[in-house]
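Throughout, read-outs are computed from the coordinates displayed, never taken from laboratory work. No experiment lies behind these values; they were computed from the predicted model shown. Cβ atoms come from the backbone with ideal geometry, glycine included; neighbour counts cover every protein chain shown.
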Amino acid sequence: MRRISILAHIPLVGLAMLVWWVLWFMLMGTLMSVEELNATIGAALHDDGGRSFWPVLPAWPTLQPLARLLLDTPHFFVMFWNTFRLVVPSVAGQIVLSAPAAWALSRFRFRGRKLLITVYIALMLMPFQVTMVPNFLVIDRLGLMDNVLAVILPFAFSAFPVFIMLKGFDAVPHALLEAASIDGAGPVRTFLHVGLPLGLPSILAAMVLGFLDVWGAIEQPMTFLGDPSAWPLSLFLPQIVAEELGLAMAASLLMLLPAVLFFLFGQKYLELGIQAAGIKE
Amino acid sequence: MLIFFLIPFVDTVRRSFYDVRGVNFIGLESYVSVVNNMAFRLAAVNTARFVAICIPLLLVISLGVALLVRCVRPGGAVFKTTFLLPMAVPVASVVLLWQVLFNDGGLANSVLDFFGLPGVRFMGSGAAFWVLVATYLWKNTGYNMVLWLAGLDSISDTLYEAARVDGASKLQSFRYVTLPCLLPTVGIVSILSLLNSFKVFREAYLVAGAYPHDSMYLLQHLFNNWFVQLDISRLSAAATMLAAVLLVMILIIRRFLDEKD
Amino acid sequence: MKRGTKWLLCAGVMLLWLLASACGSGNGNGDTQGGEDTPHGGNAATPMGMGTGRYVELNITPPIHGRLMHIVAPDGTLLAFDEGLRNRYGSTDRGITWVQSPGPGAGTERFMDVQSVGLLPGGNLLVYLREEGMATVAPDGTTAHFPVPEIDAGIADGDEFILSFIQVLDDERVLLTYRVDWFARFMRENDGEFVQITGENETRTTQVRVGGTVTGGAGGMVFGMGDVTAIHDIATGQELTRLSHTDAITPMGANANGDVYTLMAHNLVRFGVEGEVYTLLNGTAFAFGAPLGNTVAVSSLPGGGFVAHVMKADVDEMALVSRLFKYIWDENATVDPDKILTIWSLEDNAVVRAAITEIWRLHPEADITLEIALSGDAGISATDAIRTLNTRLLSGRGPDIIILDGTPMESYAQRGMLLNLSPGVDTTGMYQNLLATYAAQGMYIVPTQFTIPMIVGTEAHLRYAATFHALVDAIVNGNPMPVMEAFTATAGGAFTLGGTPEAQRAMLGFTDLDELFHILWLANASAFIYDNRLDSAVLGEFFAALHAISDKYGLGQSAGDMMHSGGVFMATAGGGGGGVNRVSMVGGSLMQYMLQNTHLAAFEAGNIMLLRPFMQRDDSQLALFPGLVPGAWVPSTLVGVSADTRVADFAMAFVNAMLSMEVQRVNHGEGFPIIREAVAWQLEQINEQLAEMDGDLPPFELDLDAFIAQLQTPSLIEATLREMVWQSAERLAQGRLSVEGAVAEVEQNIRNYLAERS
C-alpha cells in the first residue's frame, strides 16, 4: 500500500505542476519589472517573430507594478469595491432564494417535478447572447437599468445553486423528516431545523461557486450598468492586459487572491457539497 | 426564476419565428436558413466534437486523478486543493496566460525549440482545438475529481472484501465492483461537465476573437457574431434548436440513470 | 405546506432587497448640499424628465473681435479688455449690457503682449510686461513697477515669463501663476514679500498645469497639477486637501465648503473635498464642451452661475476669437418633449459636436445627449459597445441617432433597424456620385464626410502611377529608401528640405507596414471582397504588390515596432481659419516627400488646408491613388436614424444640421465636407487668407471637384475584415508566409465571416 502511495505521487505531482506553474507564473510576473516582462514574454504578446522565455526567478524582483496598482490607480479600488457590491448581495440572494426552492423541489413530490428540473438544467445551459435581449427587456420593464440590482437579481435567481442544493437536500434521510413531523414540526420548521443544518455543506458549496461566478462576471455588468464608474474588477482586467503588462500581472494576482482565499476557506464545504451533489439520487 | 429564465426563453422562441424587429411573423424561415448555413453547420459540428471529446476525456482523467488521490491518503488534501484551484483563476488571467503560452512567439514554442522541434501555430491551426480542450480539462478536473471521490467513498468496503474473498485481483475488483457502483455518479458528472463546457467559450473568445481558427469556432462564436450583426431571428432559431437538443440529451442521461436505479 | 414555502420566498426577497439597496445606496445620490449656484442640486446635469428648470447658456461676449481678457470683480461686475487693453468693457448686470470706454492701452502699443490681467482694489490693473516685470496700470495708462523679486531677478537674467493667471486676493496679496524656463510655480505676496506656498519640489514641476482661484470666506487656493488638485488655505498657504482625478482639469473657484468647480473632460463638474466628482453640466450641448474650442477659464459668478471663456477658430473672422458664455439656472426653462434626442457614437466626433451646437442654436428648447461608447477610461472593446447598443436597439430603447462608423451598419440597414431618410433629409448640396451608393433603394445611411486615397508628385513622376501595376513596378525598379541615419546626421535631426539628390530618390516612402497597408487597403479592398464573396485572384495581386513594396523598402523588419514611426504631428487649421487644438497626423509618406527623399507620396487626403503645403513642393500635382478599385473613396461620419425613434422629424432635422453649410464648411479633421459648396468655401477661404498675408504667395489652385467626380466605389471600412487581412499581410511582410500562403490563410479565416452572413 505504501509503495502504491509513493508511485501515485509521480503522476499526481506531474499534473499538479500544471497548476503550480501557473500560480508561480502569476506570482513571479507580479514581482518582475516591466522591462523584464517585455524582455521575457514580450515576444509572445507582440508577435514580432521572437521567442519568449520564463525564468524561474525574476532577475531583479520589484514591487513596483504592485505599488503602482495599489497607490497610483485609485480606479482599481473603486472597481474592487464595486465587485463586492455586486458579489455580496448576489450570493446572499442566491442562498436565500435557492435554498427554499431546492428544498421544495427535493421534498415535495409533484407531477412534472422531473421535467421541471430538466427544463431548469437546459435553461442553465443557454448562452448569455441568447438571453441578453429578453433579460434586458425584463430589467428595463422593472426599471432597474443602470442599477446594481440589474446584475444582482438575475444572479440571485440563478438556477445553478438550486441544482447544487437540490442534490444536497436529496441526501437528507427521510427518517429524520418523519421524526420531525412526528414531533409536530411544520414544513417551515422542518426546513429550518432539519433541512438547513443537514444541507449546509451543499449550501456553502453553492455559495463558493456562486461567488466565483459573480466575481468573474463580465457581460452582465457591462450591459446592464451604463456607468463605468460602477463596473466591477472583472472589467478592469481585460482592459489593461493589452496595454500594461506589469499592471495586468499585479491586477490578476490581486483578483485571484480573494477568490482563492474564499475558496480555501470554503473548500471543505465545497467538497462536502460537491460530494453531496454526487451521491446518487 | 420564471421572470429571469423562463420568460426570456419563451421570448427567444417567439423571436425565432419573427423578423429582427419582432414585428412580422416569418414562420420557419429562420430555421431553414440556420440549418442551411455553413457557419452554423461548422459551429454545430465543432461544438458537438468538443463536447464529445471533452466530456469522456474529463470523466476518465478526473476519475484517474480521484483514484490516485485516494491512494495517497496522507497528502491527498494538498492535491485536492491544487486541482480545485484552477476554478478560481479569473478569466482574464487565463487569457493572459494563454497568450504567453500559445502565441507564435510564446513559451510553448520556446519549449518545442529547446527540444529541436519545429514551432506550431497553436492559434492558427487545428492545434487551437486541443488548446481549448486542454484549458477545459485544466479548469474542470478538480471539480469532477471531487465528485468521483464522493462516489468512491460511498462504495461500501464490504463489497471489496467480498470480491477479495472471491479471489478477484485488484484490477478485477475495480472492473466488477468500483465501476458499476460509480455508474450513478456518471450522470451528474456528465451534466455538470456539459454545463462547464459551455463556459470555456469566454476564454476562447477573449484570446482568439470573434473569428478563431476553424477548429475552435463554436456555436457561441456564431451566436455572438449573429448578435453583433443583429441577426436575432436566426440566433433565436439556433438557440431554440440547441435547447431542444440539450433537453433531449439530459432526458436521455436521466432515463439511463433511472434504469440503473 | 405550499404557504410556508411562499412565505419563505417572500421573506427572502425582502431580505435581498434590503441587502441590495443597502449596498447600492452609495451610488449616485447626487447633490446633497446644493448651494447658491445649483438651485436644483444634482438634477441639473440631467434636465431630461426632471420637469422644469435647467441650466441655460447665454452668449455674453462683449463686442470684441478676437481675443479678450475677462475679470469677475468681487462685487459681481464683469470686466473685459480687448487685445492691448485698448478698450474696456464693463457690465454691472452680469453680462447683459456692456459699457465701453477707452482702456489704458488706448493709443499705445505698450500692452500688446498682455495675456492676463488682475484687478487691484481701487481700479488699477495688474499685468506682466515683457522685459519689465509686473506692473500696475492706472486707467489712464500710466504704469508703475510692481516688485516681485523672483520675476525681477529673472528678467535681469533675460528670462521670459508667461503669466497665465493673475488674481488679486486683497490689498496686500496677489496670486500669480507663471511659467519660466518650463517650470511653473506659485507665489503669494505677504506684506510686500513673496512667500512660496508649497515646498520647492512640489511646485517646481512641469506637472503644474493651471493656477488657482480664490473665493471669499473659508475658500482656498486651488492648484491643478496634472492629475492632482490641491486646495490651500488662503491665510497660511497650508495645503488643506488633495484630490486625485484621472482627467486633467481647469480649476476654478471653490465654494464655501471648499468644493472646486472645474472643467474635466469637457464637462463642468463639482469636485468635492471628499474627492467625489459630480457632473454639473454635460459638455456635449454647451460651448465649453466643443472639441474645436479651448476653454481658457471658468469662473463662478457671485450670486450663482458661471462664466466660461472659450476661444475658438471662427470661420467668418478667420482668426482666434474669444467668447464669453454665462450659465445660469433657469427655473422656467422647459424641454420640448418632441425634441429630446439621444445620439450614439462609438468614438467622439467633431462633426457631431458641431451639429449639436448648430441644432442647439436653432432649437434652444431641445435636449440633446451624446453618448460616446468608447470614451475616457471605460475600457471596453468596440464589439462590447456594439453588443450593448444592439441589446438596446432590439428592446426598443436605443438611441435616436446612430453615428455608424465602426458598426455593422449594413446589417442594421438590411434588418430594418434604420429609418429611410430620403423623405426628410435634404441631399441636394451633396456630391451625388458619393451619395449614389447609399441612396439606391431608400436612404438609410448618409455619409457626411469623406477622404480619398491620393498620390502626389510632379507630372513626370505621376506617369509612373498610371495604374496599380505600373506603380508597383516603378517602386520595385526604383531606388531603395534613402538611409535615414545619414540624413539625420547631416541635418542634426532637424527637418531641412533638399534631402536626397534627385537621382537617388525612391519612388515612394512609407514609415512602416501599417501605413503601406492602410493606403493599399483603402484603394483595393472592395475589389477582392464584395457581395459577400472573396476574389482570391485579386487578393493575390494585392498581397503580391504589398509584398514587393514592403520588401523593397524593408518594412517587414520594422513591423510591430511602433516606436519606429516617423510620422509627424502637425497643427493644422480648423475651418478655413487658424485652428485651435486640432492636430492632424501627417503620414510618413508625405513627410518623406516633403524632405525630398521620394518622388511621390501616397496618403489618405481629407484636409484641404493640409494639401497646400505638399502641393507647393516643385510643381506637385494630385491624382487618385491608382488602386484595383476604380475611384475608391472612404466614407466617414456616417449617420443613421433608429427605426424606433419617437422623434423622427427632429432626428431628421439633426441629420440636416450635420449636412448644413454651418457645420460642413468647418474643417473638423474627420475628412472633406460632403457638400460641394463647403469644399469650394474652404478653398476660397484659404486663398483669402493667402491674399491677406504680406508675401507674394501664389493662390492655391486645386480642382478638388474634378477628383471627386471620378469617385465611384466606397472603400471597405469593416474593421473585422481589415484585421483578418492585416494578420496575414504582417506575416507575409515578415517573410513567414508566401503570397499563396497568405491568400490561403485569408480564405480560411474569412470563410466563417462570409458564411455567417449568407
(message) For the stretch C:314-470, what does the relative contact order come out to in percent, with C-alpha contacts under 8 Å and a separation of six or more?
(response) 19
(request) Compute the separation of the alpha-carbon centres of the stretch C:722-740 and the stretch C:117-143 and state it in Å as a whole number. (result) 66
(request) Could you tell me the distance between the Cα centroids of the stretch A:89-145 and the stretch A:9-44, to the nearest Å? (result) 39
(message) Using the crude model of +1 on Lys and Arg Cβ and -1 on Asp and Glu Cβ, and no other charge, please compute the dipole size for the stretch C:80-178 relative to its Cα centre, in debye to 20.
(response) 480
(request) Take peptide A:160-169, look around each residue's Cβ out to 10 angstrom, count Cβ atoms belonging to other protein chains, and average those counts. (result) 1
(message) For a quick check of your reading of the filter: which chymotrypsin sites (Phe, Trp or Tyr not before Pro) in the stretch A:47-151 sit in a DSSP loop and have no more than 15 other Cβ atoms within 10 Å?
(response) A:F53, A:F108, A:F110
(request) For the stretch C:361-465, state which trypsin sites (Lys or Arg not before Pro) are in a DSSP loop and have at most 15 other beta carbons lying within 10 Å of their beta carbon. (result) C:R397
(message) What is the distance in Å between the Cα centroid of the stretch C:331-373 and that of the stretch B:120-198?
(response) 61
(message) With 10 angstrom as the radius, rank B:C54, B:C71 by how many other C-beta atoms surround their C-beta, starting from the fewest.
(response) B:C71, B:C54
(request) For chain B, set up a Gaussian network in which alpha carbons nearer than 10 Å are linked by springs, and say which option among B:I61, B:I188, B:I26 fluctuates the most. (result) B:I26
(message) Run the numbers for C:E662 and C:S422: contour at 0.36 nm per residue of separation, minus the present Cα-Cα distance, in nm.
(response) 84.3 nm
(message) I want to verify a result. In a Gaussian network model of chain B, Cα cutoff 10 Å, which of these has the top mean-square fluctuation: B:R15, B:R41, B:R164?
(response) B:R164
(request) If a/c stays under 1.5 just call it rounded; otherwise compare a/b with b/c (prolate if a/b is bigger, oblate if not). Do that for chain B, with a ≥ b ≥ c from the square roots of the Cα gyration tensor eigenvalues. (result) oblate
(request) Calculate the mean, over all residues of peptide A:8-21, of how many other protein chain Cβ atoms lie within 10 angstrom of the residue's Cβ. (result) 5
(request) Provide C:S589, C:S300 in ascending order of the number of other Cβ atoms located within 10 Å of each residue's Cβ, fewest first. (result) C:S300, C:S589
(request) Please state the charge dipole magnitude for chain B, taken about the Cα centre, from unit charges on C-beta atoms (+1 on K and R, -1 on D and E), reported in debye and rounded to the nearest 20. (result) 100
(request) Before anything else, pin down the relative contact order of the stretch A:71-278: Cα pairs under 8 Å, at least 6 apart, normalised by residue count, whole percent. (result) 34
(message) I want the local charge near C:D649. Using Cβ-Cβ distances under 12 Å, sum +1 for each Lys or Arg and -1 for each Asp or Glu among the other residues.
(response) -1
(request) Would you tell me the mean number of C-beta atoms belonging to other protein chains that fall within 10 Å of each C-beta in B:206-216, as a whole number? (result) 3
(message) As an exercise, use a Förster radius of 35 Å and the Cβ-Cβ distance of A:L116 and B:Y160 to find the FRET efficiency, rounded to the nearest 0.05.
(response) 0.35
(request) Taking the Cβ of each residue in C:S345, C:S620, A:S181, C:S322 as the centre, tally the other Cβ atoms inside 10 Å and list the residues starting with the fewest. (result) A:S181, C:S620, C:S322, C:S345
(request) With springs only between Cα atoms under 10 Å apart, run a GNM on chain B and tell me which of B:E29, B:E161, B:E203 wobbles the most. (result) B:E161
